[in-house]
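Okay, structure first, notes after.
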Amino acid sequence: MECKIKNDIGTIYISEDVMLKVVGYAVLECYGIVAMSSKRAKDGIVEWLGRENLSKGVQLRMVDDMLDVDLYIVVEYGISVSVVCSTIVQVVKYKLESMTGVKVRKVNISVEGIRVQ
């Protein structure tokens, strides 16, 4: 999926990989996030991913020229999950819209695990 933004001067094409990395870095900036995770659909096993695999814990879908973002995260034990998720939604939406110009419709978060630091 490639994002296309038209303006009066021309057209801007933003690759999916760029948008995935913007979202991944935005999530890891948030307090209480330990890692991104990736679910292997075949057997439901959760893999914890480091900074080199940020895009694996993120899925993007275009819906009516707007973006839906699905995140799979691991949070730190003892932190309010609802507060962490609320912060993530705000930060991801702001960073993605300000850096790429793409409008975000939804940010869905799946907490796949909790880790004691």
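Overview of values
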| read-out | value |
| --- | --- |
| Residue that is farthest from Ile5 (Cα to Cα) [pool: residues in region 62-115 that are of a type in the set (S, T, N, Q) and assigned to a strand (DSSP E or B)] | Ser110 |
| Test: residue in region 61-80 that is touching an Asp or Glu at 6+ places or on another chain (Cβ under 6 Å), surrounded by 12 or more Cβ atoms within 10 Å (Cβ to Cβ) and among the charged types (D, E, K, R) | yes |
| Of all residues making up region 6-52, the number that are modelled with pLDDT of 80 or more and not in a helix (DSSP H, G or I) | 18 |
| Flag for Lys56 being under 23 Å from Glu2 (Cβ atoms), basic (Lys, Arg) and modelled with pLDDT under 90 | yes |
| Enumeration of residues in region 81-117 that are farther than 19 Å from Ser37 by Cα and buried (at least 16 other Cβ atoms within 10 Å of the Cβ) | Lys93, Lys95, Leu96, Thr100, Val102, Val104 |
| Any hit, region 62-69, residues being at pLDDT below 90 and either among the charged types (D, E, K, R) or touching a helix residue (DSSP H, G or I) at 6+ places or on another chain (Cβ under 7 Å) (or both) | yes |
| Odd one out for Ser98, checked against (1) at pLDDT 90 or above; (2) of a type outside the set (Phe, Trp, Tyr); (3) touching a Phe, Trp or Tyr at 6+ places or on another chain (Cβ under 8 Å) | (3) |
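Yes/no matrix, rows are residues, columns are (1) touching a residue at least 12 places away in the same chain (Cβ under 8 Å); (2) in contact with a Ser or Thr (Cβ under 7 Å, 6 or more places away or on another chain):
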{"site": "Ile73", "(1), (2)": "yes, yes"}
{"site": "Val83", "(1), (2)": "yes, no"}
{"site": "Thr87", "(1), (2)": "yes, no"}
{"site": "Val91", "(1), (2)": "yes, no"}
{"site": "Ser98", "(1), (2)": "no, no"}
{"site": "Val107", "(1), (2)": "yes, no"}
{"site": "Glu112", "(1), (2)": "yes, yes"}
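The values are calculated or read from the model by the stated rules, or taken from the named source; none is laboratory data. What you are looking at is a predicted structure, and each value in this text was computed from that prediction instead of being measured. Counting neighbours? That spans all protein chains shown, and the Cβs are built from the backbone with ideal geometry, glycine included.
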